[in-house]
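Following: one structure in structure tokens, then a few remarks.
Just so it is clear, none of the values below were taken in a lab; they were calculated from the coordinates. Small disclaimer: the values here were computed from a predicted structure and weren't measured.
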């Protein structure tokens, strides 16, 4: 697999990464054996960029990666995140915790669960309005000097926050939702990232599964599945979004590819500074996702996708209101 650079500090990763959250029951029951086999298969195929977080599980996803990569640490680049509050092994709603002492405590926990002595890419999971971003960036900078962290990232941060953080310690990557399904970064944030030479790591590049062609209505999923509460999977929103996504399936049929591969190919052709991290817990989907690098969309197909799924064409918010409130814009 080809590689791409995120930022200008030396972080180079596979063009397609792997989002590991689905391996910890966010999208149905977990299967540790298949998850580990998927992680190993990814490295065999040249995918070396793996995304996890303290909050996935919570606290169990990092341990899964630690177990899977015990003998492969030098082959992988691991991104993880801090920034939420936990009590008795559970996340405390949307409460955030990014004071310097909380960051250091979170990093020590992540290092222990990952079974490593350094984190490749450390993100603030969500901006904490109670803590100046300069303090956050400064603390991560100290951890970089200490060798516990290699690169600094932000997640779902707005332009002002990104600029202020970058002025204190270089930000290598912004992780935010970006896909055919969600275009909110295009007007302002992507231009700012390119001005500052910061890479983009889009999560949910397949619209939480909607762009794979296998989506069902929200009520078809169990309550513990995130899609059960996803506004875009509900009622009239679902019906409208099925129609909007039809172009993806039509182009997939035309080029003899999977719909998910079209969605990922579109992202990959949006710029060499973009590294999507489609999430899966199964080898078959991993292999399909990685093969998207070989799918070449022509200018007419890119325009058709842009036009059919542009801003305002998708019905419903991308999150329930309480999660939307954590996004820094």
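Quick notes on this one:
- Mean projection of the Cα convex hull over all viewing directions, computed for the chain: 15.1 nm².
- Beta bridges by DSSP in the chain, antiparallel share as percent, to the nearest 5: 25
- Over region 244-329, relative contact order from alpha-carbon pairs under 8 Å, at least 6 apart, %: 34
- In region 1-132, Cα pairs under 8 Å separated by at least six residues give a relative contact order of 22 percent.
- Rounded to 10°, Cα long-axis angle of helix 235-244 versus longest principal axis of the chain: 70
- By the helix-only formula, in which each DSSP H run with n ≥ 4 contributes -39500 (n - 2.57) and the sum is divided by residues, the chain has a 222 nm mean residue ellipticity of -10500 deg cm²/dmol.
- Crossing angle, helix 299-308 versus the chain [Cα axis fit, 0-90 degrees, rounded to tens]: 80
- Taken over the Cα atoms of region 26-69, the convex hull encloses 74 Å³ per residue.
- Choice from 296, 273, 51 with maximal GNM fluctuation in the chain (Cα, 10 Å cutoff): 296
- Volume per residue that the Cα convex hull of region 158-260 spans, once the total is divided by residue count, Å³: 133
- Take every pair of alpha-carbon atoms less than 8 Å apart whose residues are at least six positions apart; their mean separation over the length of region 153-277 yields a relative contact order of 25 percent.
- Candidates 252, 53, 260, ranked by Gaussian network fluctuation over the chain, Cα under 10 Å, top entry: 252
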